[in-house]
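The values are calculated or read from the model by the stated rules, or taken from the named source; none is laboratory data. As the structure is a prediction and not an experimental result, all values here were calculated from the model. Note that we place each Cβ from the backbone using ideal geometry, even for glycine, and neighbour counts take in every protein chain shown. For the accessible areas, the whole protein counts, side chains as well, though only heavy atoms, and no ligand, DNA or RNA atoms are used. Shrake-Rupley method; radii C 1.70, N 1.55, O 1.52, S 1.80 Å.
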Amino acid sequence: MRSFQWIKNYIRPYKWLIVFGLFLVLITSGLHMVNPYLSGKIVDDVIKNGQTDLLMPLVIKLIIVTFLASVLNYFYKMIFEHISQNTVFQIRKDIYTQLQEQDFMYFDTTRTGDIMARLTGDTEAIRHFVAMIIFTVFNNFMLLIFALVMMFSINASLTVLMLAITPFIGFFAYQLSQTVRPAFMRIREKFSSLNSVVQENISGNRVVKAFAKELYEIEKFTVENDGYRQAHWTASRIWESYLPVLDGLASFMSVVLILVGGILVIKNKITLGQLVMFSGYLWALNNPMRSLGWIINDIQRFSASTEKIIELLQRSPRIKNVPNAIKNHKIRGNVTFRDVSFKYGRDYALHNINFSVKAGETVGIIGSTGSGKTSLVNLIPRFYDCNKGEVLIDGINVKELELHTLRSQIGIAMQDVFLFSNTIEGNIAYGKPEASMDETLWSASIAGVDEFIHKFPEGYDTIVGERGVGLSGGQKQRIALARALLTQTSILILDDTTSSVDMETEHRIHTALRSMNRKQTKFIIAHRISSVKDADIILVLDHGCIIEQGSHEELLAKRGTYYQIFQNQVGDFQDFDEEEVV
Ligand SMILES: Nc1ncnc2c1ncn2[C@@H]1O[C@H](COP(=O)(O)OP(=O)(O)OP(=O)(O)O)[C@@H](O)[C@H]1O
Ligand SMILES: [Mg+2]
């Protein structure tokens, strides 16, 4: 089975510890054989034959054996607990590492709740398997073997009679495992859905409140909660319907033993003490049968969880390094798009994009919403790969560059700003933690962070909430801009980075950006012409096509779409740049 093959690799480092643990289990199982034997001896030698002097030594032996078994039990449980914690630690680490390697497409299509379920509930099922099931199965197996040996040595035919019942137990146990498996898979799925609803609700709690949709959300949650309950209920019903049968068959053995064993005692075929021993060993034969139900239950739970985790661990990201990817290239910043077309799903979001910029030049990108501006710049750091054509940096196809080499040399302030729950300084220095305070303050001043930082008593040490809660939209954008600037890379992408700041601040930021004395190829996406008009080349996008490209003056002279946008925004210019307006 795939799950067992998979977990084998994880527990291999603990091979000898497992062997030692199982050795302790073996001794404990052996010790469990001693007490029924001693009890039989007490009945035969002490009670029946009146050898009362034997009572005390036998009782002392009983106590020592019980004590020893308990101590060993403690130690092997601790050993398996230790192995399970370490194994799951490694599995969680691998899942997390694998998550870091996944591409945008994966996160576009996977719910956060599903991922959280992998890291929590699913790993817990694995922990339980390693901590409990491995030794339980071995323990039960050894008890069964030892008990059979002891029972055969007392009376073979009585043992065979007991064994005649076991195939039925095996059959029902197998039936149970087959029936309950889909039910456990369903539990895992419902757990994921429940997680997703909760996670989305927490992330979107402000929208929920704004639209007064609390009751609706509670109902949505109730549906998922109920689905989860039903899934458990279905699995329990299956399980519970088999359990009495398994249990009943096991108890039936005791009835048969009393009946047949009693007759054998009366006929003097076995002694009363031997019947007592037999009855004691029957527990060791019975117990594995009784446990079979829940062992199968837990194994199914384990295998359902591992299936889900293996699925994630084996998912190969589409965006990955090619063999012998170029590692040591210092990007200069020449960027060329050659016949680039790109689609997320069925329809193309970008058609036949062609343009070229030299290192140090600025590209302005303008166009209506959904025209493909973000999609276009996302192809430069390979967040997605284009379907046709090629994106070249310094004449090298981006697919040839090692991902870390490529991305570490591109600074980006994304349209959808994300800040970590950390200090403002920590957020700015995210891409370059080794940056000096001077560098950080410099990028903060270009991004206009210093204009508002004094409003926070703790300044740069102010801790921002999750996703930057506690800051205004424009403040968040400016921190994200400072974060991108600090990396001082040869390519800088600013995706609508000043859309939430007022026009005066935007103007100041763009003037500061222009004044930066740095050879950096900049891609500036904006809706306002004032942000892009100084670019060396401006791309006007519409429905995924570049419909116009050129400098501000060239495009105005064309009297096309750019000119129209300019006309609509001309008032904005008059406020700040009157002398620059054509
Ligand atoms: N992750 C995605 N999966 C599928 N389709 C997407 C995805 N992101 C964007 N699209 C689609 O691609 C097209 C271009 O989107 P894009 O985000 O590039 O537009 P944009 O020009 O940046 O718009 P805006 O000015 O609103 O930011 C849109 O039709 C959008 O629906
Ligand atoms: Mg966009």
Taking every DSSP bridge whose two residues both lie in the chain, the antiparallel percent to the nearest 5 is 50
Around Gln415: net Lys/Arg minus Asp/Glu count, Cβ-Cβ under 9 Å: -2
Whole-Hz ³J(HN,Hα) for each residue in segment 255-261, computed from phi via Karplus 6.51 cos²θ - 1.76 cosθ + 1.60 with θ = phi - 60°, x for glycine and proline: what do you get? 4, 4, 4, 4, 5, 6, x
Around Ala349, which amide H atoms from residues at least 5 apart in sequence, or from another chain, sit under 5 Å from its own amide H, with H modelled in the peptide plane? Phe342, Lys343, Tyr344
Can you check what the net charge comes to around Ile326, using other residues whose Cβ is under 14 Å from the Cβ of Ile326 (Lys, Arg +1; Asp, Glu -1)? +3
Under 5 Å from the placed amide H of Glu361, counting only residues 5+ away or on other chains, we find Lys522
Over the chain, what percent of the accessible surface lies on carbon and sulfur atoms, probe 1.4 Å? 58
Paramagnetic reach from Ser236 in segment 298-317 [backbone N under 18 Å; point 7 Å along Cα→Cβ]: 298, 301
What does the charge count around Ile525 come to, taking other residues whose C-beta lies under 10 Å from its C-beta (Lys +1, Arg +1, Asp -1, Glu -1)? -1
Distance between the C-alpha centers of segment 214-293 and segment 155-175? Whole Å please. 14
Compute the acute angle (0 to 90°) between the alpha-carbon long axis of helix 561-576 and the principal axis of greatest extent of the alpha-carbon atoms of the chain; round to the nearest 10°. 80
Per residue, how much accessible surface does the chain expose to a 1.4 Å probe? Answer in Å², no decimals. 50
Could you tell me the calculated FRET efficiency between Ser515 and Glu214, based on Cβ-Cβ distance and R0 = 45 angstrom, to the nearest 0.05? 0.35
If you line up the Cα atoms of the chain on their principal axes, what length do they span on each, largest first, in Å? 122, 53, 46
